[in-house]
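First the structure, in the form of structure tokens, and then the observations on it.
The values are calculated or read from the model by the stated rules, or taken from the named source; none is laboratory data. These figures come from a predicted structure and were not determined experimentally. Cβ atoms come from the backbone with ideal geometry, glycine included; neighbour counts cover every protein chain shown.
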Amino acid sequence: MPDRWFVITGGRTRPDHALDAITLVVTERGDTAGLQGEEARIIALCHRPLAVAEIAARLEAPLGVTKVLISRLLDEHRVHTRAPALTAASDDKARLCERVLRGLQKL
């Protein structure tokens with residue numbers, strides 16, 4: 001029997017768009033017609049900006065699978081992405097990583 005995630009991604013293992021764990025995703029179009037369950041959930045979750053890592057956690061899906069699904073939604077112009085807002089207090093990589101880790105632990 002094929003792996004569930006393999007089927008959901010149509011066998012794709014890499015996204016067509018550059019996405020990292022802290023890239024923010026926001027719903028552009030709220031309609032979910034023609035979408036699989038996980039893709040429809042991403043649309044519902046992203047009515048406010050969410051990081052790719054947080055989406056993966058809420059879907060209980062591997063990060064790579066989540067990136068492929070988001071990439072497909074980007075191709076269909078159902079979502080858009082943006083870099084997270086950085087403040088002067090979080091501009092160095094160590095502090096940024098700590099903030100991401102704390103956010104993931106809260107999930």
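Tabulated data
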{"read-out": "Pair list, Cβ under 7 Å, 6 or more apart: segment 56-79 residue of a type in the set (Asp, Glu), other residue surrounded by fewer than 17 Cβ atoms within 10 Å (Cβ to Cβ)", "value": "Asp75/Asp16"}
{"read-out": "Checking Thr27 against (1) more than 26 Å from Glu98 (Cβ to Cβ); (2) touching a Leu at 6+ places or on another chain (Cβ under 7 Å); (3) of a type in the set (S, T, N, Q), the condition it does not meet", "value": "(2)"}
{"read-out": "Those residues of segment 25-44 which are more than 10 Å from the chain's Cα centre (by Cα) and either of a type in the set (S, T, N, Q) or over 20 Å from Gly10 (Cβ atoms) (or both), in sequence order", "value": "Thr27, Glu28, Arg29, Gly30, Asp31, Thr32, Gln36, Ala44"}
{"read-out": "Segment 52-93, subset assigned to a loop (DSSP other than H, G, I, E, B) and aliphatic (A, V, I, L, M), residue modelled with the highest pLDDT", "value": "Ala61"}
{"read-out": "In segment 1-51, the residues that are in contact (Cβ under 8 Å) with a residue 12 or more places away in the chain, of a type in the set (Gly, Ala, Ser) and closer than 18 Å to Gly64 by Cβ", "value": "Ala21, Ala51"}
